[in-house]
Each structure stands twice: as C-alpha cells, then as structure tokens.
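These notes concern the structure reproduced below.
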Amino acid sequence: MIITETIDEVRTARRQHALETLGLVTTMGFLHEGHLQLVRRAKAENDRVAATIFVNPKQFGPTEDLSRYPRDLQRDLHLLEAEGVDYVFVPGDEVIYPADYQTVVSVTGITNYLEGARRPTHFDGVTTVVAKLFNIMQPTRAYFGQKDAQQVAVVRQMVRDLNFNLDIVVCPTARETDGLAMSSRNKYLSSEQRRAATALYHALSGAETMWRAGERNSDVLRESMMQVLSIEPLAHVDYISAADPVTLREIEGEIPSDKGILLSMAVFFDKTRLIDNFLLTPAKQD
Ligand code: PAF
C-alpha cells in the first residue's frame, strides 16, 4: 500500500492507473468495521481502491470535539493494508488548507434541517473537504455510509450541482451485534453509556415495526421513538425526526402514501453525541 502525504504524490499514483476505475473511501480515521465494509465494497466494484484519512477541522463547531477526536494512524494503516487498499492519502492540515486558503463549498437548502440546523457550519466543512478530496483523488466511485444520512444527501447534491464526474455509492449502516451503529465516537462511551446507547436502535426499530404494521402518522412515529428514549436516564435527546427523505423537511401528521420516511435522531450521552437513522420506504410495509 502506498502512503501519500502530498497532492503531487497522489496525482503520480493516480496517473499510473489512469484508465482503471478507482473506488474511494474518505474517512477521519480511527477506523471501525463500518469503514472496512465501505473499503470491501469499493474493492469489489473497482480496479483500485484508495482511502483518505484526514480529521477535517472545518467540519467541527467551536464547542465540538476536534481536539479530543480519537486518532490511531498506525492501526488505521494496518487495517487498510490488510484490506488490500492500493493507496492512502494522509494529508496534514496545511496540505488541505494552506495559509492563503479562501474557498468554501456550500450546499444550501437541505443543510438547513436535522444535523445542519444544530451544527450550522458542519456541512460547509464537509462539502469543502469532500470536494477537494474528490478533485485530488479523482475517484470513479466514492463510498459513504447510510449512518450519516444527511451527509450522503448533501454530498449527492453537491456532486449533481457541481457536475463531479463520479458516482456516490451508499452502503448500509454497520451495527454492533446489539444494534448500536458503529461510530468512531462510540469510543467515548463509558460501559454504562455504551449499554444505554442501544436505546437509539431500539427506538428506531420500534418505529419501524409500527411502520411495517401500517402506521403512517409521523407524529405517532416520533412519539414512539421519544417514549423509548425517555425511559433511558443516560440518554438526552437533541432531536428526533420523521422527515421527507428527499427534502429532509419534517413531515407533520399523515405521511403521503407514495413517500417513505427518514427517521433520525441525535442523542447525547453526557458530552458524546450519537446519531442514527432508518430510511423506511413505502415497500417496507409489505
Ligand atoms: O464521514 C466522515 O468521516 C467525514 O464527514 C468525511 C466524509 C470523511 C469528511 O471529512
């Protein structure tokens, strides 16, 4: 596996197989099984696979966890090598954001809701770095996890709006055996909080069961998720949402029969904020 730290090194590596397809997995490191599933899918669908490891300061708000974000570069590199990744780009901050850096890539609209409403600068940071990584890496396909449902929607919008010449592939959320969505931030949880954190999955699964049984009132689905979370004393709900999967606008009352629904939530366990979602399609009621 080639480890590259500069844009020139990446371009040289990409030039050597310019006619082959490249699958890209962008990460902030501290890799878990969810990232590795993206790598495996990328490997299965492309001639070459590349990954990036960059903890992007621009997507963290001033009170968020940038300085304590978990890092373990050596472990990450071993994991990527074991998966057969061809090359990995590990830039320093100054490579991505040199001193005279001045550009922001901003998707407006769907960034106003859900995560974007609570973390106002977050998605500008994500789209700015992802646009740069796409330009640097020149992938044929880029792989993202459904766990970050709004990130997927925002990146897709950016790819459409700015005519990036690549496909976005979305992979299912990787889960622990008890249902907790895999996340680098799970590392912050105490054993008590880790046990309590399954409440997100239980809340979503309960609402999914109701949906499958024919419940189509979004207020009822939201309320059922809130009930499950409210009996867990360590869980402090930031938001619970039942939103249109395309516009990400909250749906009040009856869900139109031709629409699915994106159930999502952000929940604090002390300072650790976890997110999760289920995307329910109309076909799921069968
Ligand atoms: O999902 C992440 O890990 C990050 O938001 C990403 C896409 C690597 C951009 O920094």
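Things worth noting here:
- Per residue, the convex hull volume that the Cα atoms of the range 30-119 enclose (Å³): 152 Å³
- Every Cα-Cα pair of the range 177-286 was included, and the share exceeding 21 Å stands at 33 percent.
- Per-residue 3J(HN,Hα) values for the range 159-175, derived from phi via the Karplus relation 6.51 cos²θ - 1.76 cosθ + 1.60 with θ = phi - 60°, read 4, 5, 5, 9, 6, 5, 8, 7, 9, 9, 10, 9, 10, x, 5, 7, 10 Hz in sequence order (x marks Gly and Pro).
- Cβ-Cβ FRET estimate between Gln227 and Leu19, R0 fixed at 45 Å, reported to 0.05: 0.20
- Across the chain, Cα pairs under 8 Å and at least six residues apart give a relative contact order of 17 percent.
- Pairwise FRET efficiency - Arg68 versus His32, Cβ, R0 = 22 Å, nearest 0.05: 0.80
- Summarising the amide proton neighbourhood of Asp238: residues at separation of 5 or more, or on other chains, whose placed amide H is nearer than 5 Å comprise Ala266, Val267, Phe268.
- Legend: Rg and Dmax of the chain, from Cα coordinates, 19.3, 57 Å.
- When you work out D = kT/(6 pi eta Rh) for the range 79-134 at 10 °C and 1.306 mPa s, using the Kirkwood radius from C-alpha pairs as Rh and the Stokes-Einstein form, the result is 118 µm²/s.
- When each of the peptides 28-36, 251-259 is scored by the mean number of other C-beta atoms lying within 10 Å of its residues, the order from highest to lowest reads 28-36, 251-259.
- 3J(HN,Hα) couplings calculated from phi for the range 239-249 with the Karplus curve 6.51 cos²θ - 1.76 cosθ + 1.60 (θ = phi - 60°) are, in sequence order, 7, 10, 9, 10, 10, 4, x, 8, 8, 6, 6 Hz; Gly and Pro show x.
- Full-extension gain in nm, Ala99 to Glu192, via 0.36 nm per residue minus C-alpha separation: 29.1 nm
- Compactness check for the range 1-62: Cα Rg over 2.2 N^0.38 Å is 1.25.
Coordinate-derived values only; no laboratory data. Note that this is a predicted model, so its numbers are computed, not measured. Glycine gets a Cβ as well: all are built from the backbone with ideal geometry, and neighbour counts include every protein chain shown.
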